[in-house]
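So the structure is just underneath, and the comments pick up after that.
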Amino acid sequence: MKKIIKWLLLASLALGAGQLALASAQAADATPAAPSATSSADQAAQPTLAERQAKAEKKKAAAKKAAARFAKCEKCHDGEEGMHGKHGQVTNPNTGEQVTCTNCHGNASADHRKQRGGMVDVMRFGNDAFPLSQQNGVCMSCHEPDDLRKALWAHDVHATRISCTSCHQLHPAKEPMVGIPEKSRIKLCVDCHRKQHEAGLGGAVKEGS
Amino acid sequence: MSTTRRDFMVGMSAGALILLTGAPRALANSMTIKGVRYGMIHDETACIGCTACMDACREVNQVPAGVARLQILRSGPVGEYPAQEYRFFRKSCQHCDNVPCVHVCPTGASHIRAEDGIVDINPDLCVGCRYCLAACPYQVRFINPVTRVADKCDFCRKTNLAVGKQPACVEACPTKALVFGNLDDPNSPIAKRLVQETTYRYKQFLGTSPKMYRVPKGEVKS
């Protein structure tokens, strides 16, 4: 019995040694080829490296700027009022930089709070004081009609009639329309259109109805 | 007991005679409507394509997933953004007065109810041969995967109508684009609307006399 165990041990040792030798041989084979491949890749990438660095720096600066801008607004507009949604991270296709508060709400003057609730220079969505075209125009400056149609056909027939914010909310972490169950979406249509029909408004929908 | 070839032939032809004379009578009965003739109007100018009717139908009549008694088919958009328009077409049983699916049914399962004109299916008689599915010019019939027999809209005869309510789709519609009622009663809302408004019926040229009327949005195509 002891003899058998001894032989087994020996055999396994031999096997392990053999595999080690094999692996080292393979590694030796592979190493000479590797440097040549990487050097050629370096050569191809070198012209763009400076560009890439510049781009990264620019992005960093933009992000910093955006963060500063957000911080400025968030001094007063914090907590729930602040931006927790996707629009806090996305890039504005018009400026190539991160979306900021002022991209949508306009450049507010320092004393915008004193001007009757800031009605004059701060864009408020879903507020009757601002014309519908002006409100939705802000969204449409980035969101193309074709993309909106792909998301939902009903965008086509509502874009000039009600504010985008009638259904969408950008500030909360979870945009209520993204991934909305079909049943809930239909309920949105039904609730609004039933009210509208009962009010006898016909084709024209009024905001907030 | 032995049967001669002659006896056998006589017996068979007698049976065939009874069958042949019996069938047309059943057909004539099915075409007779006494008193109530249910029909529907789909106002395509009022429909917003929300498909709440589809959901309500599925829920009330317990229509399994993958098949549907009622569909709203959307077409469009027509025109340039932002003045675009869509059209909505209700695809469901038309409850024809001259019923292709009933004419072809070999078992009498598919029938038109004499008391209210609803085209219905007797699930106990249906053998699932699919002849009616092929014969329907409106392509609204399907084999119910649960019951394994032909199925389609019956104006909620067994569900909402049975408890005195309007069909599920009519109740669900937020813009009242659906009107249901007795076509033979001149005072019913549906009959009143039909004499006032321009309506069309889909594939009317086939002579099916459908009881589903539509208020056209834009140009009439049938």
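We did not get these values from a lab; they are worked out from the coordinates using the rules stated. Here the structure is a predicted model, which means the values were calculated and not measured. Don't worry about glycine lacking a Cβ; one is built from the backbone with ideal geometry, like all the others, and counts go over all protein chains shown.
For the pair A:Lys86 and A:His143 in one chain, pulling the backbone fully straight at 0.36 nm per residue adds 19.1 nm over the alpha carbon distance. Each residue of the range A:147-161 was assigned a 3J(HN,Hα) from its phi angle through the Karplus curve 6.51 cos²θ - 1.76 cosθ + 1.60 (θ = phi - 60°); the sequence is 5, 5, 5, 5, 5, 7, 4, 5, 4, 4, 9, 10, 4, 9, 10 Hz, with glycine and proline shown as x.
The 3J(HN,Hα) values that the Karplus relation (6.51, -1.76, 1.60; θ = phi - 60°) gives for the range B:98-105 are, in residue order, 10, 9, x, 5, 6, 4, 8, 5 Hz. Gly and Pro appear as x. Restricting attention to the range B:32-215, lysine pairs at least eight places apart or on different chains and with alpha-carbon atoms under 25 angstrom apart total 27.
In this rough spin-label picture, where each label sits 7 Å from Cα along the Cβ direction, the A:Arg113-B:Gln62 distance is 6.1 nm.
Note on the range A:53-164: Cα-Cα pairs beyond 18 Å make up 59% of the total pair count.
Globularity index of the range B:32-215 is 1.02 (Cα radius of gyration / 2.2 N^0.38 Å, N = number of residues). With springs only between Cα atoms under 10 Å, which of B:Met212, B:Met54, B:Met12 fluctuates most in a Gaussian network model of chain B? Of the options given, B:Met12 has the highest mean-square fluctuation. Cys residues of chain B that find no other Cys beta carbon under 4.7 Å: B:Cys47, B:Cys57, B:Cys96, B:Cys105, B:Cys126, B:Cys129, B:Cys136, B:Cys156, B:Cys173. The phi torsions of the range B:44-56, fed into the Karplus equation with coefficients 6.51, -1.76 and 1.60 and a -60° offset, translate into couplings of 6, 7, 9, 4, 10, x, 6, 6, 5, 5, 4, 5, 5 Hz, rounded to whole numbers, with Gly and Pro shown as x.
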